[in-house]
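All remarks here apply to the structure that follows.
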Amino acid sequence: MSDIHDEVYGAEGGDRHVDGAANERTFEALPPAHGRGFAQTWWGQAWLKALEDTALDAGQLKAGRRLARAGAVGAVSVRPGRITAVVQDRDGTPHRSDVLLQELSPEEWDRFLGMAIERAGHIAALLDRDMPPHLVEDSAAAGVELLPGIGDLEPECDCEAWDHCGHTAALCYQVARLLDQDPFVLLLMRGRGERELLDELHVRSLARTDAPQQCEDSQDAAPEGVSAEEAYADGAILPPLPGLPVLPPEPGLPPRLDTETEPAQDLDVAAVEFLAAQAAVEAYRLLADALAPEHERHAVEDELTASEDAVRLAAADPGPAIEARLAAVAERGRGGLALAVQAWRYGGRAALRVLEEEWVPKEDSLARARAALEAAWDEGERPELRASRNRWTVVGTDVQLRHGHDGRWWPYRKERGRWTPAGPAAHDPATALAVASGSE
């Protein structure tokens, strides 16, 4: 074991930093990774994806994971184009294992540094040991691939396996943990150590400060951005979307407007506060709908008309002054608005349409409606109904059933000579009629 160790790391070992192309870092062996994944960051996961997409033998990957979890990977040497470690088999036999990664060319480094100096936030993130997705995207847009892809991780092992063996796989799994801690490890593999990279950026920054200021609105400037083709190609390395937010217990409260500053002329402060509160309620409803199971299967509803939205707002009891303005917008009058509000409270837009619209059901819908009416009551108990389009009125009474486009039945009762909504919809016409009759 000592002979292989000395051959790989030298007699002294330890963490070494050598200037120029021989820049190298050696990381002490990490403890076993029992009960945890090898990569927590999105870039560490991208590294492992390159390994798992490249290896032809899933059994060797599995063996590599076992060795890495057991702590069989020794100190890891990282230098441009290569990572090296001694990996012990389960019987203790040591193997020198290397994984090669293509270094960036001088031209590619020039493009990367030019991009980085334009976006100082990327380097700040790296110094915080973070690799923002936009750094990889902007690098790709400049023609520089930082993260490895399929076939980029080339294995070498003294066990003489021709593809990734358990030893090189274990080394890659261990390196994913190092990448989690320090993304500069990846840049060192690509050819530049942290100190060297920062020194070059410093030189470029000074040169840029001394250079004449270019006209920002030059028509010859190249447009910024990423092409759709590049963005699609980079999709596999982007981090997963964040989880859905948790629904708060109730809608938020908008800020109060009763400040010491006098409101603008003709500004109705009470109306603005009411609208802000209703906007919060509506936002809460939309969020609750979006978080509901199978929300994506529901059809997207059309926007409310101005008249429908006036009814929605009036249903929130805004007070006489605001209600009068809403009645004018809805073009209903105070009595018509009150009737519409009553319908809205029973079933929203669907109930409002049943109140206002009368239609002839299509043949198949009419057949289903008649079948539902036949099945709703036992023989001899069904009331006598007079049909008119989508409305069935019980003969000799002031109660009525209205059939909605969705197949539900809406109870209605005549009050002061007007048909008035009497309750929410029901799938069973007998239930709706009982509500309309006041017996339920």
- Quick one: which of Leu287, Leu257 is modelled with pLDDT of 85 or more and either surrounded by 11 or more Cβ atoms within 10 Å (Cβ to Cβ) or among the acidic types (Asp, Glu) (or both)? Leu287
- Message: Looking at the range 95-116, I want the residues that are open to solvent by 10 Å² or more (accessible area, probe 1.4 Å) and have a partner that is among the small types (Gly, Ala, Ser) and in a strand (DSSP E or B) with Cβ atoms under 9 Å, at least 6 apart or on another chain. Which pairs are those?
- Response: Arg96/Ala85
- Query: Take the residues of the range 365-398 that are among the β-branched types (Val, Ile, Thr) and assigned to a loop (DSSP other than H, G, I, E, B): which is farthest from Ala436 (Cα to Cα)?
  - Reply: Val395
- Note on the structure: In the range 339-365, anything open to solvent by less than 60 Å² (accessible area, probe 1.4 Å), hydrophobic (A, V, I, L, M, F, W, C) and either without any contact (Cβ under 8 Å) to a residue 60 or more places away in the chain or more than 14 Å from Asp309 (Cα to Cα) (or both) is listed as Leu339, Ala340, Val341, Trp344, Leu352, Val354, Leu355, Trp359
- Item | Among residues of the range 108-137, those that are over 16 Å from Trp42 (Cβ atoms), assigned to a helix (DSSP H, G or I) and under 26 Å from the mean Cα position of the chain (by Cα), counted | 3
- Message: Let me spell it out: the conditions are (1) in contact with a strand residue (DSSP E or B) (Cβ under 6 Å, 6 or more places away or on another chain); (2) more than 22 Å from Gly191 (Cβ to Cβ); (3) open to solvent by less than 40 Å² (accessible area, probe 1.4 Å), and Gly37 meets all of them except one. Which number is the exception?
- Response: (1)
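Only one of Ala376, Ala387, Ala371, Ala350 is at pLDDT below 95, under 30 Å from Ala324 (Cβ atoms) and not acidic (Asp, Glu). Can you tell me which?
Working: Ala376 fails: under 30 Å from Ala324 (Cβ atoms); Ala387 fails: under 30 Å from Ala324 (Cβ atoms); Ala371 fails: under 30 Å from Ala324 (Cβ atoms).
Going through Ala376, Ala387, Ala371, Ala350 in turn, the sole match is Ala350.
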- Could you list, in sequence order, all residues of the range 383-413 that are closer than 22 Å to Val360 by Cβ, open to solvent by 60 Å² or more (accessible area, probe 1.4 Å) and touching a Ser or Thr at 6+ places or on another chain (Cβ under 7 Å)? Arg386
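The values are calculated or read from the model by the stated rules, or taken from the named source; none is laboratory data. What you see is a predicted model, and the numbers here were worked out from it, not measured in a lab. Note: ideal-geometry Cβ built from the backbone for every residue, glycine included; neighbour counts use all protein chains shown. Ligands, DNA and RNA are excluded from the accessible area calculation, which covers all protein heavy atoms including side chains. Shrake-Rupley method; radii C 1.70, N 1.55, O 1.52, S 1.80 Å.
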